[in-house]
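Input: a single structure, listed below in structure tokens.
The values are calculated or read from the model by the stated rules, or taken from the named source; none is laboratory data. Computed from a predicted structure; not experimentally measured. So basically every Cβ, Gly included, is an ideal-geometry build from the backbone, and we count neighbours across all protein chains shown.
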Amino acid sequence: GLRCVVTGAASGIGAEVARRLTDGGAAVTALDLKAPEVPVERFVECDLTDPASIESAVDELGSGWNVLCNVAGVPGTAPADVVMKVNFLGQRHLTELFLDRLERAGSIVSVASMAGFGWPQRIEQIRDLLATDGFDEGVAWLRDNPIQGNAYNFSKEVVTVYVMSMGLALAERGLRINAVSPGPVQTPILGDFEATMGKENLDGVRDLVGRHATAADIAPSVLFLASPVSSWVNGVNLPADGGIGGAVVSGLV
Ligand code: NAI
């Protein structure tokens, strides 16, 4: 079976991904602030806002991995620096330290969001942040370049472009990286999205497809990209939004 690391496995989408991977015969190590309730082979405590915590987690993990699922994330109700650290800078730090620990044909899957859809409008800024080398440089860049609007959206825009930009470089090493972008999902942070987006907007999005997604609607897309069956898919963002994004982009809504 595959040896997989899943961040955010203590809740929501990450828990569902960890559970399904384990059910499919994979050996899952969970990285999170708290231990998961779903059965996993191992739990390693890790705070993605803290580069030292990420480094010691990676040391503990050792090598011989096949999959890294970056699922952990925080909503826009958290302070902007925490949002950027968990959703992008910490994730990038972990991913880059992890590359040497992945076996050939290894796969990285990041959960981005429909909230990252607006990346083309901010591509210059995103390229600038992506050009920073490491966690601390990223923090310094963010200090000098305050984000306009919601940090959550920006963090997801950056992750989306990060994944796209890394595909080719990883292909040279026999690795892949892809993203899954859900629309709203019924997990403990849905209430936070109601607070940041406004109830009417969130209800409006729900009404386009009749309901919000569940973690069970999202996890299979993560598993597909983690699995070798998607071997020629690299550097893409796969929306898993029930059709909402397509309707928005094509101007139908
Ligand atoms: P959740 O709140 O149920 O799970 C998030 C997990 O991340 C938790 O286990 C939490 O402990 C962990 N986490 C938070 N801060 C951390 C830190 N500093 N270090 C390590 N782990 C940390 O949320 P959910 O909904 O399962 O979200 C998973 C991913 O899906 C996130 O990246 C989120 O942005 C994304 N997403 C969620 C949507 C939704 O409507 N629920 C919509 C689109 C994307």
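Would you pick out the residues in segment 24-37 that are within 11 Å of the ligand (Cβ to nearest atom), in a loop (DSSP other than H, G, I, E, B) and closer than 22 Å to Leu225 by Cβ? Please lay out each step first, then the result.
Start the filter on segment 24-37 by keeping residues that are within 11 Å of the ligand (Cβ to nearest atom), which leaves 30-37.
Filter again for in a loop (DSSP other than H, G, I, E, B), leaving 33-37.
Once the filter is applied, which keeps residues that are within 11 Å of the ligand (Cβ to nearest atom), in a loop (DSSP other than H, G, I, E, B) and closer than 22 Å to Leu225 by Cβ, segment 24-37 yields only Pro36.
Looking only at helices (runs of 4 or more DSSP H) that lie completely in segment 51-101, which have at least 3 residues being over 12 Å from Val6 (Cα atoms) and more than 13 Å from the ligand (Cβ to nearest atom)?
Counting at least 3 such residues, we get 51-61, 90-98.
Of all helices (runs of 4 or more DSSP H) completely enclosed by segment 148-225, which ones contain at least 3 residues that are within 13 Å of the ligand (Cβ to nearest atom), of a type in the set (D, E, K, R) and crowded, with 18+ Cβ neighbours inside 10 Å?
Qualifying helices (runs of 4 or more DSSP H): none found.
So in segment 102-141, with the set limited to residues that are in a loop (DSSP other than H, G, I, E, B) and more than 18 Å from the chain's Cα centre (by Cα), which one is surrounded by the fewest Cβ atoms within 10 Å (Cβ to Cβ)?
Step one: list which residues in segment 102-141 are in a loop (DSSP other than H, G, I, E, B), which gives 112-113, 117-118, 131-134.
With the extra rule that they be more than 18 Å from the chain's Cα centre (by Cα), the set shrinks to 131-133.
Details: Ala131: 10, Thr132: 16, Asp133: 8.
This residue is Asp133.
So, Pro51, is that one more than 29 Å from Asp217 (Cα to Cα) and modelled with pLDDT of 95 or more or not?
The answer is yes for Pro51.
Quick one: count up the residues across segment 1-23 that are surrounded by fewer than 24 Cβ atoms within 10 Å (Cβ to Cβ), near the ligand (Cβ under 6 Å from one of its atoms) and either part of a helix (DSSP H, G or I) or free of Cβ contacts under 8 Å to residues at least 24 places away in the same chain (or both).
Of the residues in segment 1-23, 1 are surrounded by fewer than 24 Cβ atoms within 10 Å (Cβ to Cβ), near the ligand (Cβ under 6 Å from one of its atoms) and either part of a helix (DSSP H, G or I) or free of Cβ contacts under 8 Å to residues at least 24 places away in the same chain (or both).
For segment 60-68, indicate whether the set of residues that are within 21 Å of Asn237 (Cβ to Cβ) and either surrounded by fewer than 19 Cβ atoms within 10 Å (Cβ to Cβ) or out of contact with any Lys or Arg (no Cβ under 8 Å at 6 or more places or on another chain) (or both) is non-empty.
Yes, segment 60-68 contains at least one residue that is within 21 Å of Asn237 (Cβ to Cβ) and either surrounded by fewer than 19 Cβ atoms within 10 Å (Cβ to Cβ) or out of contact with any Lys or Arg (no Cβ under 8 Å at 6 or more places or on another chain) (or both).
State which residue pairs qualify: first residue more than 17 Å from Ile13 (Cα to Cα) and free of Cβ contacts under 8 Å to residues at least 60 places away in the same chain and inside segment 103-125, second residue surrounded by fewer than 24 Cβ atoms within 10 Å (Cβ to Cβ) and among the hydrophobic types (A, V, I, L, M, F, W, C) in any location, beta carbons under 6 Å apart, and separation of 6 or more residues or different chains.
Trp119/Val161
Just to check your reading of the model, which residue among Glu157, Glu200, Glu172, Glu194 is under 23 Å from Asp241 (Cα atoms) and more than 21 Å from the chain's Cα centre (by Cα)? Step through it out loud before you land on a result.
Details: Glu157 fails: more than 21 Å from the chain's Cα centre (by Cα); Glu172 fails: under 23 Å from Asp241 (Cα atoms); Glu194 fails: more than 21 Å from the chain's Cα centre (by Cα).
After ruling out the rest, the residue left standing is Glu200.
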